[in-house]
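The values are calculated or read from the model by the stated rules, or taken from the named source; none is laboratory data. The shown structure was predicted, so the numbers you read here are calculated from the model rather than taken from an experiment. All Cβ positions, even for glycine, are placed from backbone atoms using ideal geometry, and neighbour counts span all protein chains on display. With ligands, DNA and RNA removed, areas are computed over all heavy atoms of the protein, side chains included. Shrake-Rupley method; radii C 1.70, N 1.55, O 1.52, S 1.80 Å.
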Amino acid sequence: MENGNSSRGDDDVGVTQPRWRFSRPSGGTQLAAAGSLSIRAVLGLLRSSVDPSGTRPVVWLAHGDPTATACFQTTPEAEDAVVDALRSRKHNGYSSTSGEPHARSAIAEYLSRDLPYELSPDDIYLTSGCVQAVEIMISALAQPGANILLPKPGFPLYEARTMFSHLEDRHFDLVPERGWEVDLESVKALADDNTVAIVIINPGNPSGSVYSKDHLAQIAETARELGIMIIADEVYAHLVFGDRPFIPMGVFGKVAPVITLGSISKRWLVPGWRLGWIALCDPDGILKEAKVDQSIQNYTNISTDPATFVQGAVPQLIANTKQEYFNKILGLLRNSADLLFGKIKDIRGITCPHKPEGSMFVMVKFDFTCLDGFSDDVDFCCRLAKEESVLVMPGTALGMKNWGRITFAIDLPSLEDGLERMKSFCERHAKVEA
(Lines give C-alpha, C1' and ligand atoms only; values in the text may rest on other atoms or scores of the structure.)
Protein backbone atom coordinates (compact mmCIF):
# COMPACT_ATOMS: atom_id res chain seq x y z
CA MET A 1 0.00 0.00 0.00
CA GLU A 2 1.34 3.43 -0.99
CA ASN A 3 -0.36 6.79 -0.37
CA GLY A 4 -3.51 4.98 0.68
CA ASN A 5 -3.95 3.32 -2.76
CA SER A 6 -4.14 -0.43 -3.19
CA SER A 7 -1.87 -2.13 -5.70
CA ARG A 8 -1.65 -5.63 -7.05
CA GLY A 9 2.00 -6.14 -6.15
CA ASP A 10 3.78 -8.38 -3.65
CA ASP A 11 1.36 -7.41 -0.86
CA ASP A 12 -1.46 -9.09 -2.78
CA VAL A 13 0.18 -12.51 -3.02
CA GLY A 14 -2.29 -15.13 -1.86
CA VAL A 15 -5.25 -12.69 -1.92
CA THR A 16 -8.16 -13.91 -4.00
CA GLN A 17 -9.21 -11.26 -6.47
CA PRO A 18 -12.96 -10.82 -7.10
CA ARG A 19 -14.40 -11.91 -10.46
CA TRP A 20 -16.06 -8.80 -11.81
CA ARG A 21 -19.33 -9.59 -13.59
CA PHE A 22 -19.91 -6.38 -15.53
CA SER A 23 -17.35 -6.86 -18.30
CA ARG A 24 -18.78 -5.96 -21.72
CA PRO A 25 -17.00 -7.60 -24.68
CA SER A 26 -16.27 -4.95 -27.32
CA GLY A 27 -18.27 -2.43 -25.33
CA GLY A 28 -21.43 -4.53 -25.59
CA THR A 29 -22.06 -6.22 -28.92
CA GLN A 30 -25.50 -4.72 -29.58
CA LEU A 31 -24.53 -1.23 -28.44
CA ALA A 32 -21.28 -1.34 -30.39
CA ALA A 33 -23.10 -2.37 -33.56
CA ALA A 34 -25.66 0.40 -33.21
CA GLY A 35 -23.03 2.99 -32.32
CA SER A 36 -20.92 2.11 -35.35
CA LEU A 37 -23.81 3.19 -37.60
CA SER A 38 -23.92 6.74 -36.25
CA ILE A 39 -22.86 9.89 -38.09
CA ARG A 40 -20.61 10.70 -35.14
CA ALA A 41 -18.73 7.42 -35.52
CA VAL A 42 -18.07 8.08 -39.22
CA LEU A 43 -17.03 11.66 -38.52
CA GLY A 44 -14.58 10.31 -35.96
CA LEU A 45 -13.10 8.00 -38.59
CA LEU A 46 -12.72 10.87 -41.07
CA ARG A 47 -11.24 13.18 -38.46
CA SER A 48 -8.65 10.56 -37.50
CA SER A 49 -7.66 10.26 -41.18
CA VAL A 50 -6.58 13.91 -41.46
CA ASP A 51 -2.81 14.34 -41.59
CA PRO A 52 -1.91 16.24 -38.39
CA SER A 53 1.16 17.68 -40.10
CA GLY A 54 -0.96 19.32 -42.80
CA THR A 55 -0.73 23.09 -43.03
CA ARG A 56 -4.07 23.83 -44.70
CA PRO A 57 -7.29 24.26 -42.71
CA VAL A 58 -9.69 21.35 -42.65
CA VAL A 59 -12.74 21.90 -44.86
CA TRP A 60 -15.79 20.29 -43.28
CA LEU A 61 -18.15 19.06 -45.98
CA ALA A 62 -19.32 16.07 -43.95
CA HIS A 63 -21.33 17.26 -40.97
CA GLY A 64 -24.77 18.82 -40.58
CA ASP A 65 -23.96 21.69 -38.23
CA PRO A 66 -23.79 24.91 -40.24
CA THR A 67 -23.20 27.07 -37.16
CA ALA A 68 -19.47 26.39 -37.41
CA THR A 69 -19.56 28.99 -40.20
CA ALA A 70 -19.99 32.66 -39.32
CA CYS A 71 -22.56 33.29 -42.06
CA PHE A 72 -24.95 30.64 -40.75
CA GLN A 73 -25.96 32.00 -37.35
CA THR A 74 -29.29 32.32 -35.62
CA THR A 75 -31.36 35.48 -35.47
CA PRO A 76 -31.06 38.01 -32.60
CA GLU A 77 -34.78 37.50 -31.93
CA ALA A 78 -34.11 33.87 -31.04
CA GLU A 79 -31.26 34.83 -28.72
CA ASP A 80 -33.42 37.49 -27.07
CA ALA A 81 -36.19 34.93 -26.53
CA VAL A 82 -33.83 32.65 -24.58
CA VAL A 83 -32.40 35.54 -22.57
CA ASP A 84 -35.89 36.77 -21.67
CA ALA A 85 -36.96 33.25 -20.69
CA LEU A 86 -33.94 32.90 -18.40
CA ARG A 87 -34.35 36.30 -16.78
CA SER A 88 -38.04 35.72 -16.15
CA ARG A 89 -37.08 33.07 -13.55
CA LYS A 90 -40.20 31.15 -14.59
CA HIS A 91 -38.32 28.32 -16.31
CA ASN A 92 -35.78 27.04 -13.78
CA GLY A 93 -37.73 24.03 -12.58
CA TYR A 94 -38.59 20.63 -14.02
CA SER A 95 -40.65 20.39 -17.17
CA SER A 96 -43.95 18.59 -17.43
CA THR A 97 -43.55 15.21 -19.11
CA SER A 98 -44.74 16.06 -22.62
CA GLY A 99 -43.41 19.61 -22.53
CA GLU A 100 -44.51 22.96 -21.16
CA PRO A 101 -48.09 23.80 -22.23
CA HIS A 102 -47.22 27.25 -23.63
CA ALA A 103 -44.48 25.77 -25.82
CA ARG A 104 -46.67 22.91 -27.05
CA SER A 105 -49.42 25.38 -27.86
CA ALA A 106 -47.02 27.60 -29.84
CA ILE A 107 -45.68 24.67 -31.86
CA ALA A 108 -49.19 23.34 -32.54
CA GLU A 109 -50.16 26.75 -33.89
CA TYR A 110 -46.92 27.02 -35.90
CA LEU A 111 -47.42 23.63 -37.58
CA SER A 112 -51.12 24.23 -38.18
CA ARG A 113 -50.32 27.17 -40.48
CA ASP A 114 -49.50 24.69 -43.26
CA LEU A 115 -52.24 22.12 -42.57
CA PRO A 116 -55.90 21.93 -43.61
CA TYR A 117 -56.86 21.25 -39.96
CA GLU A 118 -55.81 22.49 -36.54
CA LEU A 119 -53.43 20.66 -34.22
CA SER A 120 -54.01 20.95 -30.50
CA PRO A 121 -51.32 21.16 -27.80
CA ASP A 122 -52.23 17.57 -26.87
CA ASP A 123 -50.98 16.48 -30.31
CA ILE A 124 -47.48 17.76 -29.51
CA TYR A 125 -44.74 16.04 -27.49
CA LEU A 126 -41.56 18.04 -26.95
CA THR A 127 -38.25 16.23 -27.22
CA SER A 128 -34.57 16.88 -26.70
CA GLY A 129 -33.93 17.57 -30.37
CA CYS A 130 -35.19 15.52 -33.29
CA VAL A 131 -32.75 12.75 -32.38
CA GLN A 132 -34.78 11.97 -29.27
CA ALA A 133 -37.97 12.16 -31.33
CA VAL A 134 -36.57 9.38 -33.55
CA GLU A 135 -35.54 7.39 -30.48
CA ILE A 136 -39.00 7.67 -28.93
CA MET A 137 -40.87 6.69 -32.09
CA ILE A 138 -38.69 3.67 -32.85
CA SER A 139 -38.94 2.50 -29.24
CA ALA A 140 -42.71 3.05 -29.13
CA LEU A 141 -43.24 0.98 -32.29
CA ALA A 142 -40.87 -1.86 -31.44
CA GLN A 143 -42.60 -5.15 -30.75
CA PRO A 144 -41.71 -8.79 -31.51
CA GLY A 145 -41.86 -9.52 -35.23
CA ALA A 146 -42.58 -5.94 -36.32
CA ASN A 147 -40.72 -4.18 -39.13
CA ILE A 148 -40.37 -0.62 -40.40
CA LEU A 149 -39.57 0.70 -43.89
CA LEU A 150 -36.60 3.08 -44.15
CA PRO A 151 -35.32 5.07 -47.17
CA LYS A 152 -32.07 4.26 -48.93
CA PRO A 153 -30.15 6.53 -48.81
CA GLY A 154 -31.29 7.79 -45.44
CA PHE A 155 -30.29 9.06 -42.03
CA PRO A 156 -28.30 6.31 -40.25
CA LEU A 157 -29.77 7.07 -36.82
CA TYR A 158 -32.95 5.23 -37.83
CA GLU A 159 -31.08 2.02 -38.60
CA ALA A 160 -29.03 2.33 -35.40
CA ARG A 161 -32.15 2.81 -33.27
CA THR A 162 -34.06 -0.05 -34.93
CA MET A 163 -31.12 -2.37 -34.31
CA PHE A 164 -30.93 -1.31 -30.68
CA SER A 165 -34.70 -1.73 -30.21
CA HIS A 166 -34.94 -5.11 -32.01
CA LEU A 167 -37.21 -3.64 -34.68
CA GLU A 168 -36.51 -5.07 -38.12
CA ASP A 169 -35.68 -2.48 -40.77
CA ARG A 170 -36.33 -2.91 -44.48
CA HIS A 171 -34.91 -0.43 -46.97
CA PHE A 172 -36.78 0.91 -49.98
CA ASP A 173 -35.02 2.74 -52.80
CA LEU A 174 -35.00 6.43 -53.58
CA VAL A 175 -34.51 7.00 -57.32
CA PRO A 176 -31.83 9.62 -58.12
CA GLU A 177 -32.94 9.97 -61.74
CA ARG A 178 -36.39 11.03 -60.52
CA GLY A 179 -35.19 13.59 -57.99
CA TRP A 180 -34.75 10.92 -55.30
CA GLU A 181 -38.46 10.09 -55.29
CA VAL A 182 -39.65 7.03 -53.38
CA ASP A 183 -39.79 3.83 -55.43
CA LEU A 184 -43.34 2.96 -54.41
CA GLU A 185 -43.23 -0.44 -56.07
CA SER A 186 -40.29 -1.43 -53.88
CA VAL A 187 -42.25 -0.20 -50.84
CA LYS A 188 -45.18 -2.45 -51.74
CA ALA A 189 -42.85 -5.40 -52.31
CA LEU A 190 -41.18 -4.98 -48.91
CA ALA A 191 -44.27 -4.49 -46.77
CA ASP A 192 -46.14 -7.33 -45.10
CA ASP A 193 -48.64 -7.84 -42.29
CA ASN A 194 -45.96 -7.01 -39.69
CA THR A 195 -44.99 -3.64 -41.21
CA VAL A 196 -45.94 -0.80 -38.86
CA ALA A 197 -44.60 2.37 -40.51
CA ILE A 198 -42.70 4.00 -43.34
CA VAL A 199 -40.18 6.81 -42.77
CA ILE A 200 -40.21 9.73 -45.22
CA ILE A 201 -37.51 12.41 -44.95
CA ASN A 202 -38.56 15.60 -46.72
CA PRO A 203 -36.73 17.87 -47.48
CA GLY A 204 -34.22 15.13 -48.05
CA ASN A 205 -31.25 14.25 -45.93
CA PRO A 206 -28.92 13.21 -47.52
CA SER A 207 -30.29 13.85 -51.01
CA GLY A 208 -31.34 17.52 -50.97
CA SER A 209 -34.63 16.55 -52.63
CA VAL A 210 -38.00 18.27 -52.14
CA TYR A 211 -41.08 16.19 -52.92
CA SER A 212 -43.96 17.49 -54.99
CA LYS A 213 -47.51 17.51 -53.67
CA ASP A 214 -48.44 14.79 -56.17
CA HIS A 215 -45.65 12.50 -54.99
CA LEU A 216 -46.54 13.04 -51.33
CA ALA A 217 -50.14 12.16 -52.20
CA GLN A 218 -48.95 8.92 -53.83
CA ILE A 219 -46.94 8.06 -50.72
CA ALA A 220 -50.00 8.66 -48.53
CA GLU A 221 -52.20 6.49 -50.75
CA THR A 222 -49.61 3.71 -50.65
CA ALA A 223 -49.46 3.89 -46.84
CA ARG A 224 -53.26 3.73 -46.70
CA GLU A 225 -53.29 0.71 -49.02
CA LEU A 226 -50.73 -1.04 -46.81
CA GLY A 227 -52.41 0.00 -43.55
CA ILE A 228 -49.27 1.64 -42.10
CA MET A 229 -48.51 5.03 -40.56
CA ILE A 230 -46.11 7.58 -42.02
CA ILE A 231 -43.29 8.95 -39.89
CA ALA A 232 -42.48 12.25 -41.58
CA ASP A 233 -39.00 13.50 -40.67
CA GLU A 234 -39.31 17.21 -41.44
CA VAL A 235 -36.37 18.57 -39.48
CA TYR A 236 -35.42 20.56 -42.62
CA ALA A 237 -38.95 21.92 -43.09
CA HIS A 238 -39.06 25.18 -45.06
CA LEU A 239 -35.35 24.99 -45.96
CA VAL A 240 -36.19 24.90 -49.68
CA PHE A 241 -34.67 27.13 -52.35
CA GLY A 242 -35.59 25.51 -55.67
CA ASP A 243 -38.81 25.62 -57.68
CA ARG A 244 -40.84 23.40 -55.35
CA PRO A 245 -42.38 24.68 -52.12
CA PHE A 246 -42.21 22.67 -48.91
CA ILE A 247 -45.45 20.77 -48.30
CA PRO A 248 -45.76 18.91 -44.98
CA MET A 249 -46.76 15.27 -45.08
CA GLY A 250 -49.44 16.10 -42.52
CA VAL A 251 -51.50 17.67 -45.32
CA PHE A 252 -52.45 14.09 -46.12
CA GLY A 253 -53.26 13.12 -42.53
CA LYS A 254 -56.82 12.15 -43.50
CA VAL A 255 -55.51 9.73 -46.13
CA ALA A 256 -53.11 7.96 -43.76
CA PRO A 257 -52.07 8.80 -40.18
CA VAL A 258 -48.90 10.89 -40.02
CA ILE A 259 -46.47 11.44 -37.17
CA THR A 260 -44.30 14.46 -37.88
CA LEU A 261 -40.84 14.83 -36.36
CA GLY A 262 -39.26 18.27 -36.31
CA SER A 263 -37.16 20.76 -34.40
CA ILE A 264 -35.94 24.35 -34.27
CA SER A 265 -32.37 23.14 -34.94
CA LYS A 266 -32.10 23.74 -38.67
CA ARG A 267 -34.50 26.53 -39.60
CA TRP A 268 -33.35 28.68 -36.69
CA LEU A 269 -29.75 27.33 -36.82
CA VAL A 270 -29.61 26.32 -33.15
CA PRO A 271 -28.84 22.56 -33.11
CA GLY A 272 -27.20 22.88 -29.71
CA TRP A 273 -30.42 24.10 -28.08
CA ARG A 274 -31.90 20.59 -28.41
CA LEU A 275 -35.60 21.37 -28.86
CA GLY A 276 -37.62 19.05 -31.08
CA TRP A 277 -41.11 17.61 -31.27
CA ILE A 278 -43.37 14.75 -32.20
CA ALA A 279 -46.67 15.89 -33.73
CA LEU A 280 -49.66 13.61 -34.26
CA CYS A 281 -51.15 14.70 -37.60
CA ASP A 282 -54.12 12.42 -37.31
CA PRO A 283 -57.44 14.27 -37.71
CA ASP A 284 -59.43 11.01 -37.76
CA GLY A 285 -57.96 9.77 -34.48
CA ILE A 286 -56.58 6.51 -35.90
CA LEU A 287 -53.34 6.70 -33.90
CA LYS A 288 -55.18 7.35 -30.65
CA GLU A 289 -57.55 4.48 -31.33
CA ALA A 290 -54.49 2.25 -31.78
CA LYS A 291 -53.05 3.70 -28.54
CA VAL A 292 -49.90 4.92 -30.28
CA ASP A 293 -50.21 8.16 -28.30
CA GLN A 294 -50.14 6.17 -25.06
CA SER A 295 -46.95 4.39 -26.16
CA ILE A 296 -45.32 7.76 -26.85
CA GLN A 297 -46.50 9.08 -23.49
CA ASN A 298 -45.24 5.99 -21.68
CA TYR A 299 -41.80 6.46 -23.19
CA THR A 300 -41.63 10.15 -22.31
CA ASN A 301 -42.52 9.20 -18.73
CA ILE A 302 -39.16 7.41 -18.41
CA SER A 303 -37.11 9.79 -20.53
CA THR A 304 -35.54 13.23 -20.27
CA ASP A 305 -37.02 16.57 -21.36
CA PRO A 306 -35.71 19.58 -23.27
CA ALA A 307 -34.29 22.37 -21.12
CA THR A 308 -37.18 24.33 -19.63
CA PHE A 309 -35.72 27.76 -20.45
CA VAL A 310 -35.51 26.79 -24.14
CA GLN A 311 -39.12 25.63 -23.98
CA GLY A 312 -39.93 28.96 -22.36
CA ALA A 313 -38.37 30.79 -25.29
CA VAL A 314 -40.34 28.96 -28.00
CA PRO A 315 -43.45 31.19 -28.21
CA GLN A 316 -41.37 34.39 -28.46
CA LEU A 317 -38.88 32.77 -30.84
CA ILE A 318 -41.64 31.76 -33.26
CA ALA A 319 -43.60 35.00 -32.96
CA ASN A 320 -40.69 37.43 -33.34
CA THR A 321 -38.46 35.86 -36.00
CA LYS A 322 -38.77 37.91 -39.18
CA GLN A 323 -39.28 36.40 -42.62
CA GLU A 324 -36.29 38.44 -43.81
CA TYR A 325 -34.05 36.26 -41.68
CA PHE A 326 -35.38 33.05 -43.23
CA ASN A 327 -35.05 34.55 -46.72
CA LYS A 328 -31.43 35.46 -46.02
CA ILE A 329 -30.56 31.88 -44.99
CA LEU A 330 -32.34 30.45 -48.03
CA GLY A 331 -30.37 32.84 -50.24
CA LEU A 332 -27.10 31.62 -48.75
CA LEU A 333 -28.09 27.98 -49.27
CA ARG A 334 -29.21 28.65 -52.84
CA ASN A 335 -25.89 30.31 -53.71
CA SER A 336 -23.92 27.48 -52.13
CA ALA A 337 -25.98 24.83 -53.95
CA ASP A 338 -25.47 26.62 -57.27
CA LEU A 339 -21.71 26.82 -56.72
CA LEU A 340 -21.45 23.17 -55.71
CA PHE A 341 -23.55 21.85 -58.58
CA GLY A 342 -21.53 23.84 -61.10
CA LYS A 343 -18.13 22.87 -59.69
CA ILE A 344 -18.97 19.15 -59.44
CA LYS A 345 -19.49 19.08 -63.22
CA ASP A 346 -15.79 19.91 -63.64
CA ILE A 347 -14.53 17.04 -61.46
CA ARG A 348 -13.82 13.90 -63.45
CA GLY A 349 -14.87 10.85 -61.47
CA ILE A 350 -17.66 12.53 -59.48
CA THR A 351 -21.19 13.12 -60.73
CA CYS A 352 -24.27 14.72 -59.19
CA PRO A 353 -27.50 13.32 -60.69
CA HIS A 354 -29.83 15.84 -59.09
CA LYS A 355 -29.29 19.46 -58.13
CA PRO A 356 -30.25 20.01 -54.48
CA GLU A 357 -33.50 21.89 -53.88
CA GLY A 358 -33.66 21.75 -50.09
CA SER A 359 -31.97 20.87 -46.78
CA MET A 360 -28.20 21.46 -46.89
CA PHE A 361 -26.85 18.28 -48.49
CA VAL A 362 -26.36 16.66 -51.86
CA MET A 363 -25.49 13.11 -52.90
CA VAL A 364 -22.67 12.60 -55.41
CA LYS A 365 -21.58 9.38 -57.11
CA PHE A 366 -17.97 8.24 -57.34
CA ASP A 367 -17.03 6.67 -60.68
CA PHE A 368 -14.19 4.29 -59.91
CA THR A 369 -13.82 3.42 -63.58
CA CYS A 370 -12.18 6.86 -63.85
CA LEU A 371 -10.31 6.78 -60.53
CA ASP A 372 -7.43 4.50 -59.67
CA GLY A 373 -6.63 2.57 -56.51
CA PHE A 374 -9.77 2.97 -54.39
CA SER A 375 -11.55 -0.01 -52.88
CA ASP A 376 -14.80 1.84 -52.14
CA ASP A 377 -16.31 5.15 -51.02
CA VAL A 378 -14.99 4.83 -47.46
CA ASP A 379 -11.45 4.40 -48.76
CA PHE A 380 -11.95 7.40 -51.09
CA CYS A 381 -13.23 9.66 -48.30
CA CYS A 382 -10.53 8.64 -45.81
CA ARG A 383 -7.76 9.26 -48.32
CA LEU A 384 -9.34 12.56 -49.35
CA ALA A 385 -9.24 13.56 -45.69
CA LYS A 386 -5.62 12.46 -45.36
CA GLU A 387 -4.28 14.04 -48.55
CA GLU A 388 -6.44 17.16 -48.88
CA SER A 389 -7.88 17.78 -45.39
CA VAL A 390 -11.38 17.73 -46.91
CA LEU A 391 -14.06 15.74 -45.11
CA VAL A 392 -16.92 14.20 -47.14
CA MET A 393 -19.40 11.70 -45.73
CA PRO A 394 -19.06 8.26 -47.37
CA GLY A 395 -22.32 7.00 -48.82
CA THR A 396 -21.92 3.57 -47.23
CA ALA A 397 -22.84 5.21 -43.91
CA LEU A 398 -26.12 6.30 -45.52
CA GLY A 399 -26.95 3.05 -47.30
CA MET A 400 -25.42 3.93 -50.71
CA LYS A 401 -22.07 2.33 -51.46
CA ASN A 402 -19.72 4.27 -53.74
CA TRP A 403 -21.61 7.52 -53.19
CA GLY A 404 -20.86 10.46 -50.92
CA ARG A 405 -22.78 13.21 -49.13
CA ILE A 406 -21.54 16.78 -49.32
CA THR A 407 -22.71 19.54 -47.00
CA PHE A 408 -22.98 22.94 -48.67
CA ALA A 409 -24.06 24.94 -45.59
CA ILE A 410 -20.66 26.56 -45.40
CA ASP A 411 -19.22 29.91 -46.48
CA LEU A 412 -18.61 30.15 -50.23
CA PRO A 413 -14.79 30.61 -50.10
CA SER A 414 -14.39 27.46 -47.96
CA LEU A 415 -16.80 25.51 -50.15
CA GLU A 416 -14.97 26.53 -53.30
CA ASP A 417 -11.61 25.69 -51.70
CA GLY A 418 -12.86 22.26 -50.67
CA LEU A 419 -14.21 21.51 -54.14
CA GLU A 420 -10.96 22.63 -55.78
CA ARG A 421 -9.04 20.29 -53.47
CA MET A 422 -11.40 17.47 -54.42
CA LYS A 423 -10.76 18.21 -58.09
CA SER A 424 -6.98 18.11 -57.54
CA PHE A 425 -7.35 14.85 -55.62
CA CYS A 426 -9.34 13.23 -58.42
CA GLU A 427 -6.92 14.47 -61.08
CA ARG A 428 -4.02 13.04 -59.12
CA HIS A 429 -5.74 9.66 -58.83
CA ALA A 430 -7.25 9.52 -62.31
CA LYS A 431 -6.69 6.37 -64.31
CA VAL A 432 -4.30 6.83 -67.17
CA GLU A 433 -6.07 6.17 -70.46
CA ALA A 434 -4.31 3.64 -72.68
Legend entry - Size of electric dipole in the chain: Cβ of Lys, Arg +1 and of Asp, Glu -1, about Cα centre, debye, nearest 20: 460 debye
Inset, instruction - State, to one decimal in nm, how far the label point of LEU412 lies from the label point of GLN294, with both points 7 Å from Cα in the Cβ direction. - result: 5.7 nm
Inset, instruction - Set the Förster distance to 60 Å, then compute FRET efficiency between LYS152 and ARG89 from the Cβ-Cβ distance, nearest 0.05. - result: 0.80
Inset, instruction - Could you sort 281-293, 204-216 so that the peptide with the highest average Cβ count within 10 Å comes first and the rest follow in order? - result: 204-216, 281-293
Legend entry - Charge context of LEU157, other residues only, Cβ under 11 angstrom, K/R +1, D/E -1: -1
Legend entry - Cβ crowding within 10 Å averaged over residues, with 144-152, 366-374 ranked highest first: 144-152, 366-374
Inset, instruction - List the residues whose amide H sits under 5 Å from the amide H of ILE350, counting only those 5 or more places along or on another chain, with H placed 1.01 Å from N in the peptide plane. - result: ASP367
Legend entry - Accessible carbon and sulfur surface of the chain relative to its total accessible area, %, 1.4 Å: 50 percent
Inset, instruction - May I ask you to derive the FRET efficiency for ASP122 and ARG428 from their Cβ-Cβ distance with R0 = 60 Å, giving the value to the nearest 0.05? - result: 0.50
Legend entry - Accessible area (Å², per residue) of the chain, counting only protein heavy atoms and a probe of 1.4 Å: 46 Å²
Legend entry - Estimated distance in nm for a label pair at ARG383 and GLN143, the labels positioned 7 Å out from Cα along Cα-to-Cβ: 5.0 nm
Legend entry - Segment ARG21-ALA189, length gained on full extension (0.36 nm per residue, minus Cα span): 55.9 nm
Legend entry - the chain: calculated mean residue ellipticity at 222 nm from DSSP helix runs of at least 4, using -39500 (n - 2.57): -11500 deg cm²/dmol
Legend entry - Under-5 Å amide H pairs with HIS171, H placed in peptide plane, nonlocal only: LEU150
Inset, instruction - Convert each backbone phi in the range 57-65 into a coupling constant with the Karplus relation 6.51 cos²θ - 1.76 cosθ + 1.60 (shift: θ = phi - 60°), then list the ³J(HN,Hα) values in order as whole Hz, x for Gly and Pro. - result: x, 6, 9, 8, 10, 10, 9, x, 10
Legend entry - ³J(HN,Hα) computed for each position of the range 228-241 - Karplus, 6.51 cos²θ - 1.76 cosθ + 1.60, integer Hz, glycine/proline x: 10, 7, 10, 9, 9, 7, 10, 5, 9, 3, 6, 8, 10, 9
Inset, instruction - Compute the Rg to Rh ratio over the range 301-434 from the alpha carbon atoms, using the Kirkwood formula for Rh, and round to two decimal places. - result: 1.12
Legend entry - Per-residue SASA entry for THR69, accessible area with 1.4 Å probe, Å² rounded to 10: 20 Å²
Legend entry - Sum of side-chain charges, GLY54 neighbourhood, beta-carbon under 10 Å (Lys, Arg +1; Asp, Glu -1): -1
Legend entry - Protection proxy ranking, peptides 334-341, 125-132, average beta carbon neighbours within 10 Å, highest first: 125-132, 334-341
Legend entry - From phi via Karplus (6.51, -1.76, 1.60), per-residue ³J(HN,Hα) for the range 190-197 in Hz, x at Gly/Pro: 7, 6, 8, 5, 9, 6, 10, 6
